[in-house]
Amino acid sequence: MARSMLIISRQAPWSGPSAREALDVVLAGGAFELPLGLLFLDDGVFQLAAAQQPAQLEQKDLTANLQALPLFGIESLYVARHSLAERGLDEQALPLPVEVLDEAGLRALINRYDHVITI
């Protein structure tokens, strides 16, 4: 039986390769039909912000990768409520369907997965 894995993405899309690497891991796991979840935490919530302009920072746009997640069977997307609030992001304006979790929900989520990887 396949072991479940939660990927925690904590980096902003423009702060280096970590955000892209987290998405690549999730997409690869989805291609092999592994039970995966993706949690956006801390600055990782900026990956969900609408109307990003990565070209101005000479970065690649992650929007296409994010939009491809459901095509790879990745529908378990989560975001930390406190991370959104601390960064002034409105959960109603997020472009992807994500489950917004409070602290208790985050603990329960992490305990539900066999493996947890923070990128």
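Since every read-out is calculated from the coordinates, none of them should be taken as a lab result. Worth saying up front: this structure is predicted, and the values here are computed from it rather than measured. All Cβ positions, even for glycine, are placed from backbone atoms using ideal geometry, and neighbour counts span all protein chains on display.
On full extension, the segment bounded by E103 and S4 gains 33.5 nm, given 0.36 nm per residue less the C-alpha separation. Annotation for I110 and L71: the two label points, set 7 Å from Cα along the Cα-Cβ direction, are 3.3 nm apart.
Take every Cα pair under 8 Å whose residues are at least 6 apart in sequence, average their separation, divide by the length of the chain, and the relative contact order is 36 percent. In this structure, R87 and A50 have a Cβ-Cβ separation that, at R0 = 22 Å, corresponds to a calculated FRET efficiency of about 0.95.
Distance distribution P(r), the chain, all Cα-Cα pairs, bin width 10 angstrom from 0: 14, 49, 32, 5, 0 percent.
The residues packed around R87, meaning those with a beta-carbon under 14 Å from its beta-carbon, carry a net charge of -3 if Lys and Arg are +1 and Asp and Glu are -1.
With each label modelled as a point 7 angstrom along the Cα→C-beta vector, the A31-T118 pair spans 2.8 nm.
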